[in-house]
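To start, the structure under review is shown below, and the notes come after it.
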Amino acid sequence: MGLFSSPAKVYKPAAEVDLGPGSDEHYISPNVRAPRVAGLLVKLMAWVLETPVLGWVVLTVLKRDNLVYKLVSDAEIPEPPLFTAAHTWRDIPEQNVRRTKPGLSPAERVQEAVGCLPARLPEPAAAAPADGPAAGFRRWRVRDFHRAYSSGQTTPAMVARRFLAAVKECSDLKMGLFISCDAADVMRQAEDSTRRYQQGAPLSAMDGVLVAVKDELDCLPYPTTGIYGPCQDHSLPTS
């Protein structure tokens, strides 16, 4: 595609890419100019792309205009092919294996799972090299939230407010992190969870922990947005 596209992108070797906090690496954000279609236009677009000659022409133009050839297909990556995982892997012996009883409620199953965890997990920052890219990075776990809620260090309502503020900030930057996010419903659930923790009666260790749901799953109060088939009515959520 050299005659129809700009020069290909030449990437740095992975070892030379700085991912630290003070990195000056530039994030490539191409201006996507692909058509946005829905409904009948999706079927028409699929028919055009499946047409032997016309489909190839349209697909070539779309790839060229959206820098697919420059940044992906024709890009120069000075790295050998990776056939196996490069990171070190060590199997962790199973500990506290339990067989859950049939018929337990979801909350009871969560409590059984929490009981299988060791008393204390090593911090991610402590396991990483001091000067490595993961130094200082902290990935909050379900148990971290549960411990913070139980101790009163924070509340589900406070976490939900910060989360919704971050979602709004990303939405203002045209970053569609979520197809749909009902802020009022999130706050209602967070406030209910906060009251349960204040009363010392959380539903389980998952109570108050934010979870993103795949858009193809039915989940109240959101309408289903996945494509399941022309004969099924998924206009309303079912669970």
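The values are calculated or read from the model by the stated rules, or taken from the named source; none is laboratory data. No experiment lies behind these values; they were computed from the predicted model shown. Note: ideal-geometry Cβ built from the backbone for every residue, glycine included; neighbour counts use all protein chains shown.
Tabulated data
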| read-out | value |
| --- | --- |
| Which listed residue is in a helix (DSSP H, G or I), under 29 Å from Cys219 (Cα atoms), hydroxyl-bearing (Ser, Thr, Tyr) and modelled with pLDDT of 85 or more, from Ser171, Ser150 | Ser150 |
| Cross-chain or 6+ apart pairs with Cβ under 9 Å, the stretch 16-27 first and more than 18 Å from Pro78 (Cβ to Cβ), then among the hydrophobic types (A, V, I, L, M, F, W, C) and in a loop (DSSP other than H, G, I, E, B) | Gly20/Ala135; Pro21/Ala135; Ser23/Val17 |
| Any hit, the stretch 215-226, residues being at negative phi, of a type in the set (A, V, I, L, M) and in contact (Cβ under 8 Å) with a residue 24 or more places away in the chain | no |
| Filtered residues of the stretch 77-91 (kept if loosely packed, with under 10 Cβ neighbours inside 10 Å and more than 26 Å from the chain's Cα centre (by Cα)) | Pro80, Pro81 |
| Filtered residues of the stretch 38-89 (kept if at positive phi and either in contact with a Gly (Cβ under 8 Å, 6 or more places away or on another chain) or not assigned by TED's automatic domain parsing to the domain that holds Tyr27 (or both)) | none |
| Some residue of the stretch 202-213 being at pLDDT below 85, of a type outside the set (Phe, Trp, Tyr) and either over 23 Å from Val110 (Cβ atoms) or in contact with a strand residue (DSSP E or B) (Cβ under 6 Å, 6 or more places away or on another chain) (or both) | yes |
| When residues of the stretch 18-69 are limited to those that are within 25 Å of Ala8 (Cβ to Cβ) and acidic (Asp, Glu), the one surrounded by the most Cβ atoms within 10 Å (Cβ to Cβ) | Asp65 |
| Restricting the stretch 158-210 to residues that are of a type in the set (Phe, Trp, Tyr) and closer than 23 Å to Arg147 by Cβ, the residue that is surrounded by the fewest Cβ atoms within 10 Å (Cβ to Cβ) | Phe163 |
